[in-house]
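Derivation of every value follows stated rules applied to the coordinates shown; laboratory data play no part. Everything numeric in this text was worked out from a predicted model, so none of it was measured. Here the Cβ is made from the backbone with ideal geometry for all residues, glycine too, and neighbour counts use every protein chain on show.
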Amino acid sequence: MICVTGFEPELTSLLHRFEACERLAPGLRLLHELRLDAALDPAALLAGLAPLEGPRLDPRQPLAAGRPLRLVCCRPSREGGHYRGDEATRLELLAAAAHLADAVDVEADVDDAWVSALRAANPGLLVVRSKHVFDSQPGVHTFEGLDGDLFKLAVAVEDAQKLDALRTAAQASARPLFVVGMGAAGLLSRVLYPQFGAPWTYVAASESQRTAPGQVTLEGALQMGLGTHSPKKPYVLVGGPQVVHSPGWAVYNGLFRALRLDALYLPVVSTRPAIFEFLARLGVHAASVTMPMKRALYELLDVEGVSRHVEGVSLDVTTLDDEGRALGVVNSVRFDTPWRGLNTDVIGVQQPLGAVLQLLELKGGRAVILGAGGAAMAARRACEKLGLACVTASRAGASSGSEIPWTERGQLDGRVLINATPLSGERCPWPDDAPLKFDVVFDLALSEEPSALLRRADDEGILTLSAMDMWLVQGAAQMSWFLSRSLTRHDLARHLPTERGAAARRQLRGPSCLS
């Protein structure tokens, strides 16, 4: 079930939320959280709220379409909420609201005698006891001996791997306990919420209505197919905090809907190798992998015929494709038995660049590659396959395999310039005072708008390729492997968000689209 929440200051905006959600999710029974701590006049809001239609309903049970359910809450500031008045008044508001609700959220530190009296006065009311932890190590012992029907532990997490221990502790609890990870790294617990003991997941009514860090919107939840009774096969993107800005979230969920697949895709913020074993236990089918985890994944997979232990966890035998083994970098893993790894970054560079060189009838020559990480390694291998001689320049220096000092990069020229550094957007990796003496400039760093490097190349009449050219090709190859079906970059491009998608589709109609 989906629980929609928001920060409405008065009744009119709350009723508007009810109506908007009904239009967005017709026929889907929703649970609505009413946040009294957001109301300017909580008593007036409750006075204008209509009584429940019919008896109280249990949101833990599967229910057919019908009236929305209500969960009331008045979160104090000590738990991350907005209520700063006296405790006696707050509890009076909760008691009054309980008469209009199916469920009530009461903090774990509220006196148990008050909770028992509330339950006695409201037969059938579901009581959720909650604890929100932002800056300390939580413990499930918080709920021992408390009166309640359901227990919620919400914890701020910076790495999704932390969810493993929280989930294990919740499963070991004798109480009906569920955990929610707050922040971008907690998204896994919000999307795969049944795996974390939760009967529902909290989503924001809109972008501006988030009541906790890491919440997705109702629209985003519906795009992933949450709230339906059919289980979804999960696919994920693993990497640093930048993964939440990847176009993959929108593109692949759109693709799955178009293909009528019971699947969903979400970003997982983690930089710990043990995250992969955790994902496998959660039933994740496959993972796209980006920085800084590509090398870490390779090290897990680069073993044949023996077991591998990572942070005390034993992994099965694994296999790698030729590109991944050659580069020592992997950006795709399928959690088969054994696990299988693949590198699609090479084809992501090779295919669009090869098409442009063919269009220009150019053969041989030199490729100048900026950077020394996994993207630079993939670019070098792609260029070598296209018959280009390669020279690299990076800040890391000779120890990283760089051949030209970074400070001397502006003296270079050649057939192709490839930016494989993180420098994107307005941060141009090419010196301002150095001419661009290349036939093609390829920027592998994703950005919302054309980068300063590509704009400069365009102004100088140089043919350009963007990171989206590479992303669509490698993504199509990756998802084809995940789904065991043939997909093209056109299949992905039609699901890009509006502005990005329009630009990508224009590019796909251009010269880079020969293959």
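Data for the structure
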| quantity | calculated |
| --- | --- |
| Residues of type aspartates and glutamates that Lys131 reaches as a straight line, Cα spacing below 13 Å, ignoring anything fewer than 8 places off in the same chain | Glu79, Asp105, Glu107, Asp109, Glu144 |
| Separation of the Ser230 and Arg260 label points, Cα + 7 Å toward Cβ, nm | 0.8 nm |
| Extended-chain gain in nm, criterion 0.36 nm per residue less alpha-carbon gap, His99 and Glu87 | 2.4 nm |
| Antiparallel DSSP beta bridges within the chain, percent to nearest 5 | 10 percent |
| The range 82-109 residues near the modelled Asp41 label - backbone nitrogen below 17 Å, point 7 Å along Cα→Cβ | 93 |
| Modelled FRET efficiency - R0 41 Å, Arg325 with Asp458, Cβ distances, 0.05 increments | 0.65 |
| Fully extended contour minus Cα-Cα distance, from Glu448 to Arg427, at 0.36 nm per residue | 6.3 nm |
| Phe18 versus Ala172: modelled label distance in nm, points set 7 Å from Cα along the beta carbon direction | 4.4 nm |
| Cα gyration tensor shape of the range 2-229, rounded if a/c is under 1.5, else prolate or oblate by comparing a/b with b/c | rounded |
| The chain - mean residue ellipticity at 222 nm from DSSP helices (-39,500 (n - 2.57) per run, n ≥ 4, rounded to 500) | -9500 deg cm²/dmol |
| Computed label-point distance, nm, for sites Ser116 and Leu11 using a 7 Å Cα→Cβ extension | 3.6 nm |
